[in-house]
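Q: Take a look at the following structure, please.
The values are calculated or read from the model by the stated rules, or taken from the named source; none is laboratory data. As the structure is a computational prediction, the values presented were derived from the model and not from experiment. Please note: Cβ atoms are built from the backbone with ideal geometry, for glycine as well, and neighbour counts cover all protein chains shown. Areas reflect the complete protein model, heavy atoms only, side chains present, ligands, DNA and RNA absent. Shrake-Rupley method; radii C 1.70, N 1.55, O 1.52, S 1.80 Å.
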Amino acid sequence: MHEGPQPSVKTHHAELSEHLLTIDMWADIVRKTLIVAIISLTVWAGCALMRWLVGIGTEWLFETAEAYHAKHALMGGAAILVIMLMAGIVRGLLLLSPAWKDAEGDGIDKVLVSFHQTYQGDGTDPTARYAEPTFLRAAQKLVLTTLTIGGGGSGGLEAPSVYIGETMAAGWSKVFKRPS
């Protein structure tokens, strides 16, 4: 009769299994760290780009107004109004397209809806949150925010940054096939 492996074989097998689990655990930690780094860097880059573009737009707006104001007092104000009107027309034309409608506003309401979709239902299928073209939405929000604030309109950078971060993270989740 065969009584099974010797105790030393069982001990070696247990140690080997523990070692393999440790390797798998570290590989998983490294993979997740790289994913978080990629998401963080792209979100930072997108938000930094938006801030830079807004800075360029507002700087150009006020430099143009100063240059025209030097020629005539009313021309500076007129230059600002013309630039704001042009930026508003471009925004309006973009928003005529249904594809751009989701990028309108500050985006916080859409971020909250997406966040809550993850936790609604039975929790086994949070993919509804990632159903839309997420990187495209981030780019659209970047363009509209730049046109609004850079063109002299009223707005802030914080709320659009949250929307850009959420949509880019959802996009990377699609890329890495990790809907959770």
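Q: Among the residues of the stretch 75-112, write down those that are open to solvent by 70 Å² or more (accessible area, probe 1.4 Å), more than 25 Å from residue 137 (Cα to Cα) and either of a type outside the set (A, V, I, L, M) or out of contact with any Phe, Trp or Tyr (no Cβ under 9 Å at 6 or more places or on another chain) (or both).
A: 81, 82
Q: Filter the stretch 21-63 down to the residues that are in contact with a Leu (Cβ under 9 Å, 6 or more places away or on another chain) and under 24 Å from residue 76 (Cα atoms) and list them by number.
A: Of everything in the stretch 21-63, those that are in contact with a Leu (Cβ under 9 Å, 6 or more places away or on another chain) and under 24 Å from residue 76 (Cα atoms) turn out to be 53, 54, 57.
Q: For the condition at pLDDT below 85, outside any helix (DSSP H, G or I) and open to solvent by 50 Å² or more (accessible area, probe 1.4 Å), what is the one hit in 25, 1?
A: Of 25, 1, the one residue that is at pLDDT below 85, outside any helix (DSSP H, G or I) and open to solvent by 50 Å² or more (accessible area, probe 1.4 Å) is 1.
Q: Go through the residues of the stretch 155-172 one by one and say whether even a single one is farther than 28 Å from residue 35 by Cβ, part of a helix (DSSP H, G or I) and either touching a strand residue (DSSP E or B) at 6+ places or on another chain (Cβ under 6 Å) or open to solvent by less than 30 Å² (accessible area, probe 1.4 Å) (or both).
A: Scanning the stretch 155-172 turns up no residue that is farther than 28 Å from residue 35 by Cβ, part of a helix (DSSP H, G or I) and either touching a strand residue (DSSP E or B) at 6+ places or on another chain (Cβ under 6 Å) or open to solvent by less than 30 Å² (accessible area, probe 1.4 Å) (or both).
Q: Scan the stretch 122-149 for residues that are of a type outside the set (Ser, Thr, Tyr) and modelled with pLDDT under 85 and jot them down.
A: Answer for the stretch 122-149, where residues must be of a type outside the set (Ser, Thr, Tyr) and modelled with pLDDT under 85: 122, 123, 125, 126, 128, 129, 131, 132, 133.
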